[in-house]
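Below is one structure, written out as structure tokens, with a few remarks after it.
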2 protein chains.
Amino acid sequence: MLNKDDFDFIKTYLPFLNQLEKEEYRFIENAGSKAAYSQGKTILDHENECSGLVIVKSGQLRAFFEAEDGKEITLYRLLSGDVCILTASCVLKNIDFEVMLEAEKDSQVFLIPAAVWGKLADKNIKVKEFSMELVSERFSEVMWVMEQMVSKNMGQRVAAFLLDQSALEKSNSLELTHDTIAKNLGTAREVISRILKYLENDGLLKLSRGRIELLNTKRLNEMNR
Amino acid sequence: MLNKDDFDFIKTYLPFLNQLEKEEYRFIENAGSKAAYSQGKTILDHENECSGLVIVKSGQLRAFFEAEDGKEITLYRLLSGDVCILTASCVLKNIDFEVMLEAEKDSQVFLIPAAVWGKLADKNIKVKEFSMELVSERFSEVMWVMEQMVSKNMGQRVAAFLLDQSALEKSNSLELTHDTIAKNLGTAREVISRILKYLENDGLLKLSRGRIELLNTKRLNEMNR
């Protein structure tokens, strides 16, 4: 059950809600829920896949795909106001992969259960249109990730990842383990450690336990030209 | 303009056509076109991107994505009856990448122009639903390709690619250049040549000019376990 403030927040990001009939509206209000997750916590994994539509109230989530061999690849990030529909894949015809979510910062999220969303989308063309647009948006993001995978070597991808993190955190001193970077880029920790060591020797960054300090963002940027 | 036989063929694969109103129906009949492409010919590239919905009558097409640096990655193949909607990306909201098509065998295709499709989808919920299902299906295929990229090394991917080609061609003797394999897997020709040489030395295949003969499909299969 969502309260009025929560519902007002959601309406900003699901604009079609204003066009729903009163009973459909109540339906979402009653079925929706709110939850808080602390940094590092997995929100959706194989145990509770296809939970439903996730709307981020605050914080930062990482949406990732897990290959059969356990390797992870980050697909996109969700910030306040972002909506994730791939976590409702079971009600999306022909989407046969699962997307996992993890809190990268302390986060608050709203959840609309998959079954509720599915029923609404079947009845209401606005909801279906919204679903289609969300799926297409994520598809485009995934193609972007794929392009990075194809056209950049791992060193360039590490540099780009560190610069992205630095922009997100608004800091050149990043709390990051080699394992976290490996998971984000779908490779092994050893590969990342080797690249980081190389970049450190080159004077581009400084490594310490669980922390990476970017010393020369200009040259890190130039790696991707 | 499509004749009756052509239209009957298309209706089998675009089932919603039977539910359209007469004028919408005529609209597609008049705007649709048919074309033949010989093996190796590019059907859609950057010059004429976003042509529209492609329906394959006969032959085999390769749908691929071209990264900024020119590297290609094969996303999926289209055989008789298959429909490609990503070639109409300009009328799909939020799809901001382009998919190219190339004839891998002599092929005949039908084309419904993007603008015509866009107008229909705006008016008719069945067309919109069909679009959503097609987009989702391709999204799932792309995720599968990405999983291969993340969880397999290039040697395994080459082996899997050769076995796929062998199944498609129903032959162990494949007309394939190293460059073609490189383009399919989004890597450099040199990388592929090295791997093929290694597999040849190992007795798994035999290389000759423009041709690869698979000598031990059992062991090629085992590489992917």
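Data for the structure
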read-out: Accessible area of B:Ile212 in the full protein assembly, 1.4 Å probe (Å², nearest 10); value: 0 Å²
read-out: Label point 7 Å beyond Cα along the C-beta direction, distances from A:Lys170 to other copies (nm, shortest first); value: 6.5
read-out: Kirkwood hydrodynamic radius of the protein assembly as shown, Cα pairs, Å; value: 24.2 Å
read-out: Entries of A:Lys123/B:Lys119; A:Lys105/A:Lys197; B:Lys105/B:Lys170; A:Lys57/A:Lys93 with Cα pairs more than 24 Å apart; value: A:Lys105/A:Lys197; A:Lys57/A:Lys93
read-out: Computed [θ] at 222 nm, deg cm²/dmol, chain B (DSSP H ≥ 4; -39,500 (n - 2.57); rounded to nearest 500); value: -14000 deg cm²/dmol
read-out: Under DSSP loop assignment and at most 12 Cβ neighbours within 10 Å, longest GluC sites (Glu not before Pro)-free interval of chain A; value: A:69-225
read-out: Farthest positive-ward along the protein assembly as shown dipole, Cα basis, beta-carbon charges - from B:Ile95, B:Val109, A:Val99; value: A:Val99
read-out: Global form of the stretch A:1-138, assessed from the alpha-carbon gyration tensor, a/c cut-off 1.5; value: oblate
read-out: Residue-level accessible surface for B:Val191, protein heavy atoms, 1.4 Å, Å²; value: 40 Å²
read-out: Among A:Lys183, A:Lys11, A:Lys22: highest mean-square fluctuation, GNM of chain A, C-alpha pairs under 10 Å; value: A:Lys22
read-out: Calculated label separations, B:Lys4, copies of the chain, 7 Å along the beta-carbon direction, nm; value: 6.6
read-out: Residue order for A:Lys57, A:Lys126 - accessible surface, 1.4 angstrom probe, largest first; value: A:Lys126, A:Lys57
read-out: Contact surface A-B: accessible area buried, both sides summed, square angstrom, 1.4 angstrom probe; value: 3400 Å²
read-out: Using θ = phi - 60° and Karplus 6.51 cos²θ - 1.76 cosθ + 1.60, couplings along the stretch B:208-217 (whole Hz; Gly, Pro as x); value: 9, 3, x, 9, 10, 10, 7, 9, 9, 5
read-out: Shortest-first nm distances, B:Met154 label point to equivalent points in other copies (7 Å, Cα→Cβ); value: 1.3
read-out: Cα-projected label distance for B:Asp8 with A:Glu200, points at 7 Å along beta-carbon direction, nm; value: 7.2 nm
read-out: Long-range HN-HN contacts of A:Ile43 with modeled amide H, under 5 Å; value: A:Leu101, A:Glu102, A:Ala103
read-out: Cross-link partners of A:Lys71 among lysines (Cα-Cα below 20 Å; sequence separation of 8 or more within a chain); value: A:Lys41, A:Lys152, A:Lys183, B:Lys152
read-out: GNM top mover of A:Asp82, A:Asp96, A:Asp179 - chain A, alpha-carbon springs below 10 Å; value: A:Asp96
read-out: Helix A:4-13 vs. chain A, principal-axis angle (Cα, 0 to 90°, nearest 10); value: 70 degrees
read-out: Point-charge dipole on Cβ atoms (K/R +1, D/E -1) for the stretch A:109-158, about Cα centre, debye to 20; value: 120 debye
read-out: Hz values of 3J(HN,Hα) by residue in the stretch A:106-118 - Karplus curve (6.51, -1.76, 1.60), Gly and Pro given as x; value: 3, 9, 10, 10, 9, 10, 10, x, 4, 4, 5, 4, x
read-out: Cβ neighbours within 10 Å from other chains - mean over B:126-138; value: 4
read-out: Solvent accessible area, Å² - B:Arg26, 1.4 Å probe, full protein context; value: 110 Å²
read-out: Separation in nanometres of the label points that stand 7 Å from Cα toward Cβ, at B:Asp45 and A:Glu190; value: 4.2 nm
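The values are calculated or read from the model by the stated rules, or taken from the named source; none is laboratory data. As the structure is a computational prediction, the values presented were derived from the model and not from experiment. When we count neighbours, we look across all protein chains shown, and the Cβ atoms used for this are built from the backbone with ideal geometry, even at glycine. Just so you know, the surface numbers come from the protein's heavy atoms only, side chains and all, with ligands and any DNA or RNA stripped out. Shrake-Rupley method; radii C 1.70, N 1.55, O 1.52, S 1.80 Å.
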